[in-house]
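The next block holds one structure in the form of C-alpha cells; read it before the comments.
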Amino acid sequence: MVRETSLLLKILQFLLGFAPWIVAFAMPDFRYGCTAALGLTGVAFAFEFFLYRTERTMVFPKVLNIIELVLFVALTILSWADMKNDAFYKDWATTIVNGGMAIGSVVATLCGRPFVADYVADKTDEATGSHPTAKHLFAVMNLVIISMLVLVASVDAVGALAMELMQPPPGLGFKLAFRHPAYLTWIIIALCIAFNFAFYKYLLSPRSEAYKIAYARRHDKEFREWAEAHPDHVFAKKYHKRKFAEAAEAAEDGRVGEFAEEGSQDKSRSDTALGKVRACFRRCIFNFTYL
C-alpha cells in the first residue's frame, strides 16, 4: 500500500493529469497551446515521479501521461514545422487534440491498460483492483471518458465544417455553442465527469447491492475464478456466503416444488378414484332402471 497523500497533493495530481489536455484545445493559438501542453506534461511526469519515489503512488508512468506526451510531442513538432497552415490548425485544434486523446485511450484500453485504473490502484490493493466488480467500474468510467473525448471532437468538427461550408455562416448562438467558447463542449465534459463520480459513489453505497448481485450472477465464472485465486479476501468470503445462501434457497424451493407435485399427484389419484366410484354408481342406476 502507498503512503498517505495530503489533499493538496491529490488535487495537484488530478489537475496536472488533465491540465495539458485542457490547455491544448482551450488556447486560441494551436501552436502555443500544444507547446504549453507539452511543458505541462513534463511537469506532470516530474510530479508523478516524485510521488512514486516517495511511495505515494504505485504506478509510474501513468497511461494518461504517456498518451499526452506522445500526442503533444507530435503536435508540437508538426505545428512548428508547418506554420503556413496555422489557420487550419486553429480551426481544427479541438478536434485534433480530443481525437488524438481518444485514439490513445482506445489503444491503451485494447492493450489492457485503461488509464482510469492507474488512479484507482493507489486506493486499493492488487487483489481488490482485479476483482470483477472493480474491473467493471474501470471499464464503465473509461468508456465514459473515451465517449466524452469523441463527443467533444465531434462537436468541434461540426462547428468547423459549418463555418467553412455554410453560406451565410451560422449565427452567434451556433458559434457560442460549437466554436468559441463552445458551451456545448463544456457541458459534455461536466456531465461525463459528474456521471463517473456518481457511478463510483453508487457502487460504494448499499443501494447498489441489487445491481452488483445481478452483475455477479451474469458473470459467475469470473467471480468464481477470482474467489478461488483469493480465498482469504473479504470479497471471496462474501461470494461464498452468497452462493451458499442461493443454494439453500434453491434447495428450499425444490422441496416446496416436490411437496406441490406430490399434492398434485394425490389430488389426481383422488380424482381418478372418485371418477371410478361415480361411473360405478351410474352403471348401477342404469341397470336398476333397465330392470
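The values are calculated or read from the model by the stated rules, or taken from the named source; none is laboratory data. Values in this document were obtained by computation on a predicted structure and should not be read as measured data. Note that each Cβ is placed from the backbone with ideal geometry, even for glycine, and that neighbours are counted across all protein chains shown.
Note on the stretch 151-229: enclosed helices (runs of 4 or more DSSP H) holding 2 or more residues that are of a type in the set (Val, Ile, Thr) are 183-204. The set of residues in the stretch 35-53 being over 13 Å from Asn65 (Cβ atoms) and at pLDDT below 90 consists of Arg53 alone. Are any of the residues in the stretch 117-139 over 23 Å from Lys201 (Cβ atoms), buried (at least 21 other Cβ atoms within 10 Å of the Cβ) and out of contact with any Pro (no Cβ under 9 Å at 6 or more places or on another chain)? Scanning the stretch 117-139, I find no residue that is over 23 Å from Lys201 (Cβ atoms), buried (at least 21 other Cβ atoms within 10 Å of the Cβ) and out of contact with any Pro (no Cβ under 9 Å at 6 or more places or on another chain), so the answer is no.
Based on this model, can you work out whether Lys175 counts as of a type in the set (Lys, Arg), surrounded by 15 or more Cβ atoms within 10 Å (Cβ to Cβ) and farther than 30 Å from Val107 by Cα? So Lys175 passes the test.
Residue pairs whose Cβ atoms lie under 6 Å apart, separated by 6 or more positions or on different chains, with the first residue in the stretch 9-30 and of a type outside the set (A, V, I, L, M, F, W, C) and the second part of a helix (DSSP H, G or I), are Gly17/Leu64; Pro20/Ala37; Pro20/Leu40; Pro20/Thr41; Pro20/Glu68. Gly33 meets the conditions (1) part of a helix (DSSP H, G or I); (2) within 26 Å of Leu110 (Cβ to Cβ) in every case but one. The failed one is (2). So Ala182 passes all but one of these: (1) within 30 Å of Lys90 (Cα to Cα); (2) at pLDDT below 90; (3) surrounded by fewer than 15 Cβ atoms within 10 Å (Cβ to Cβ). Which condition number does it fail? Failed condition: (3). Of the helices (runs of 4 or more DSSP H) lying entirely inside the stretch 79-130, those carrying at least 2 residues that are under 18 Å from Ser147 (Cα atoms) and over 15 Å from the mean Cα position of the chain (by Cα) are 93-110.
Assigned by TED's automatic domain parsing to the domain that holds Val158 and surrounded by 15 or more Cβ atoms within 10 Å (Cβ to Cβ): does that describe Asn65? So Asn65 passes the test. Residues being free of Cβ contacts under 8 Å to residues at least 24 places away in the same chain, buried (at least 18 other Cβ atoms within 10 Å of the Cβ) and not polar (S, T, N, Q) are represented in the stretch 145-161 by at least one member. For the stretch 36-62, a tally of residues being assigned to a loop (DSSP other than H, G, I, E, B), surrounded by fewer than 16 Cβ atoms within 10 Å (Cβ to Cβ) and at negative phi returns 3. Scanning the stretch 80-93 finds no residues that are crowded, with 22+ Cβ neighbours inside 10 Å and not hydrophobic (A, V, I, L, M, F, W, C). Among the residues of the stretch 1-20, those identified as surrounded by 14 or more Cβ atoms within 10 Å (Cβ to Cβ) and touching a Phe, Trp or Tyr at 6+ places or on another chain (Cβ under 9 Å) are Leu9, Leu12, Gln13, Leu16, Gly17, Pro20.
When Glu55, Glu68 are screened for being farther than 18 Å from Ala121 by Cβ and touching a residue at least 40 places away in the same chain (Cβ under 8 Å), only Glu68 passes. Any residue at all in the stretch 122-143 that's without any contact (Cβ under 8 Å) to a residue 24 or more places away in the chain, of a type in the set (S, T, N, Q) and within 26 Å of Val234 (Cα to Cα)? Yes; the residues of the stretch 122-143 include at least one that is without any contact (Cβ under 8 Å) to a residue 24 or more places away in the chain, of a type in the set (S, T, N, Q) and within 26 Å of Val234 (Cα to Cα).
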